[in-house]
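Colleague: Just passing along the structure, written as structure tokens.
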Amino acid sequence: MKTIIITGFGSSGPSLRERTFGPIVSDAEAMFPDARVRMAFTGREVIERIRSRGGEADSLEDALEKAASEGSEEAAVLPTLPIAGSQFRLVQDACSGFSGIPVRLCGPLLGSRESASEFLDALPGIFPDAFEEGCALVMMGHGRGAEADGNLCMVQHMANVRGIDAFFVTATGTPSPGDAAELMRRAEVGKAVLAPLMFEAGFHARRDMAAENGPVRSVLGSAGFDVECVMKGMGE
């Protein structure tokens, strides 16, 4: 028997977990009926909050230990993380530090050119309004670290080569909101559809992306662009 572990930062809200993690778990169970499928979270505060309300929540370390104790031959860890930021490093550390059974770790969504290409192909269908004349899509990711910023720079370069008006930023890293504003000026667009490059639109998206005085929306607005925010994560 094998175990598949779907992991990400997590959410303490039951309805949001059901909308995001729920369909992925169901799909994995349908695709791999002989495997046991588990959820695990990297957000310690999320885990503590769920447990304080009487719910069950595993860290990735907990889930790996359970897989080994249940007799699994190996575990496959599937992160719901778009880029190789700080949360992905936590996942890497948990997997590399576990010796109970073999562990296979999948990369983040934008961790390879192949998956980034599929991601870019899907964007017009997900955000049709952002690809109308005079509009551009701006997506904000977590960033934090050279590898995470490198993921965003790679997908930005691929979008530029394709001639797609889609721009990828972080609140404090590279590419920056100012970088996106300059590229949008060159593309002669006047409106930005701003969306989170995150599994769910939580606190970080509300504070840094959608807030009028936040580091992303305020920069784009000050640069003269009309800004429309889409508060919906990629897993929702």
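The values are calculated or read from the model by the stated rules, or taken from the named source; none is laboratory data. This one's a predicted model, so the numbers in the text were calculated from it and none came from an experiment. No Cβ is skipped: glycine too gets one built from the backbone with ideal geometry, and neighbour counts run over all protein chains shown.
Colleague: For region 49-84, how many residues meet the condition of being crowded, with 19+ Cβ neighbours inside 10 Å and either among the acidic types (Asp, Glu) or more than 25 Å from Glu18 (Cβ to Cβ) (or both)?
Modeller: The number of residues fulfilling the criteria is 3.
Colleague: Filter region 1-34 down to residues that are hydrophobic (A, V, I, L, M, F, W, C) and either in contact with a Phe, Trp or Tyr (Cβ under 7 Å, 6 or more places away or on another chain) or in contact (Cβ under 8 Å) with a residue 40 or more places away in the chain (or both), then give me how many there are.
Modeller: 9
Colleague: Can you tell me which of Ala181, Ala116 is in a helix (DSSP H, G or I) and either in contact with a strand residue (DSSP E or B) (Cβ under 7 Å, 6 or more places away or on another chain) or closer than 25 Å to Phe21 by Cβ (or both)?
Modeller: Ala116
Colleague: How many residues, within region 1-42, are outside any helix (DSSP H, G or I), surrounded by 12 or more Cβ atoms within 10 Å (Cβ to Cβ) and touching a strand residue (DSSP E or B) at 6+ places or on another chain (Cβ under 8 Å)? Show your work before the answer.
Modeller: Within region 1-42, the first condition is being outside any helix (DSSP H, G or I), and the residues that meet it are 1-13, 32-42.
Add one more test, that the residue is surrounded by 12 or more Cβ atoms within 10 Å (Cβ to Cβ), and what stays is 2-13, 32, 35-42.
Within this subset, residues satisfying the condition of being touching a strand residue (DSSP E or B) at 6+ places or on another chain (Cβ under 8 Å) are 2-10, 32, 35-42.
Here the count works out to 18.
Colleague: So which of Ala210, Ala180, Ala166, Ala122 ends up being under 23 Å from Leu81 (Cβ atoms) and within 16 Å of the chain's Cα centre (by Cα)?
Modeller: On the way: Ala210 fails: within 16 Å of the chain's Cα centre (by Cα); Ala180 fails: within 16 Å of the chain's Cα centre (by Cα); Ala166 fails: within 16 Å of the chain's Cα centre (by Cα).
Of the residues listed, the single one that is under 23 Å from Leu81 (Cβ atoms) and within 16 Å of the chain's Cα centre (by Cα) is Ala122.
Colleague: Is region 93-102 home to any residue that is part of a helix (DSSP H, G or I), of a type in the set (Ser, Thr, Tyr) and under 19 Å from the mean Cα position of the chain (by Cα)?
Modeller: Taking every residue of region 93-102 in turn, none turns out to be part of a helix (DSSP H, G or I), of a type in the set (Ser, Thr, Tyr) and under 19 Å from the mean Cα position of the chain (by Cα).
Colleague: Being in the same structural domain as Cys95 (by TED's automatic domain parsing), among the charged types (D, E, K, R), at pLDDT 95 or above and outside any loop (DSSP other than H, G, I, E, B) is true for just one of Glu45, Glu65. Which residue is that?
Modeller: Glu65
This table checks each residue for (1) among the small types (Gly, Ala, Ser); (2) within 22 Å of Asp93 (Cα to Cα); (3) in contact with a Ser or Thr (Cβ under 6 Å, 6 or more places away or on another chain); (4) in the same structural domain as Ala63 (by TED's automatic domain parsing).
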residue	(1), (2), (3), (4)
Thr7	no, yes, no, yes
Gly13	yes, no, no, yes
Leu16	no, no, no, yes
Thr20	no, no, no, yes
Ser26	yes, no, no, yes
Glu29	no, no, no, yes
Ala35	yes, no, no, yes
Met39	no, yes, no, yes
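Colleague: Pro124 fails exactly one of the following numbered conditions: (1) in contact with a helix residue (DSSP H, G or I) (Cβ under 8 Å, 6 or more places away or on another chain); (2) surrounded by fewer than 21 Cβ atoms within 10 Å (Cβ to Cβ); (3) under 25 Å from Val227 (Cα atoms); (4) touching a residue at least 12 places away in the same chain (Cβ under 8 Å). What is the number of that condition?
Modeller: Condition (4) is where Pro124 drops out.
Colleague: Does region 137-146 contain at least one residue that is closer than 22 Å to Ile6 by Cβ, more than 14 Å from the chain's Cα centre (by Cα) and not in a loop (DSSP other than H, G, I, E, B)?
Modeller: no
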